[in-house]
Amino acid sequence: VLFKPSNLIHVTRRTVTNVGGAPSVYEVAVENPANVTIIVEPKTLSFRKRNEKANYTVRFESKIASDQKSSVRPAFGQILWKCLKGGTQVVRSPVAIVWEDDEK
């Protein structure tokens, strides 16, 4: 995720496909990067069959003020979807965060 100087929030929508057993339920767990809060909605994804697709939204909120961005290093975290029902899978999505300087 690239935070531009005038933007402290970035929202994206993702689609996942169930490749495990069915029915299955996954719950999200987030490891926030330094200086960023990640909010995922919905918190659980339910699948009734194999190859079914589901959507979720990820909101990244920067805690860095515009005038501090040039001194901040890239940060890393992850989004994990843990299977609660129908298997033991964990789906991991790494997250990398960078802040663009005002001068660019």
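The values are calculated or read from the model by the stated rules, or taken from the named source; none is laboratory data. Predicted model, so just to flag it, every value in this text is computed and none were measured. Virtual Cβ from ideal backbone geometry, glycine too; neighbours counted across all protein chains shown.
Among the conditions (1) more than 18 Å from Phe60 (Cα to Cα); (2) exposed (fewer than 14 other Cβ atoms within 10 Å of the Cβ); (3) polar (S, T, N, Q), Asn7 misses just one, which is (1).
Hey, any hits in segment 43-55 for a residue that's more than 22 Å from Arg73 (Cβ to Cβ), under 11 Å from the mean Cα position of the chain (by Cα) and surrounded by 12 or more Cβ atoms within 10 Å (Cβ to Cβ)?
From segment 43-55, those more than 22 Å from Arg73 (Cβ to Cβ) are 43-55; that's our starting set.
Remaining after also requiring under 11 Å from the mean Cα position of the chain (by Cα): none.
No, every residue in segment 43-55 fails to be more than 22 Å from Arg73 (Cβ to Cβ), under 11 Å from the mean Cα position of the chain (by Cα) and surrounded by 12 or more Cβ atoms within 10 Å (Cβ to Cβ).
Collect the residues in segment 53-104 that are part of a loop (DSSP other than H, G, I, E, B), touching a strand residue (DSSP E or B) at 6+ places or on another chain (Cβ under 7 Å) and either hydrophobic (A, V, I, L, M, F, W, C) or modelled with pLDDT of 90 or more (or both), keeping them in residue-number order. Lys63, Ile64, Val72, Pro74, listed by residue number.
Total residues in segment 1-43 satisfying the condition of being charged (D, E, K, R) and within 16 Å of Leu84 (Cα to Cα): the figure is 2. All of Ala29, Ala65, Ala75 fail the test of being in contact (Cβ under 8 Å) with a residue 24 or more places away in the chain, of a type in the set (Gly, Ala, Ser) and either surrounded by fewer than 17 Cβ atoms within 10 Å (Cβ to Cβ) or touching a Phe, Trp or Tyr at 6+ places or on another chain (Cβ under 7 Å) (or both), apart from Ala29.
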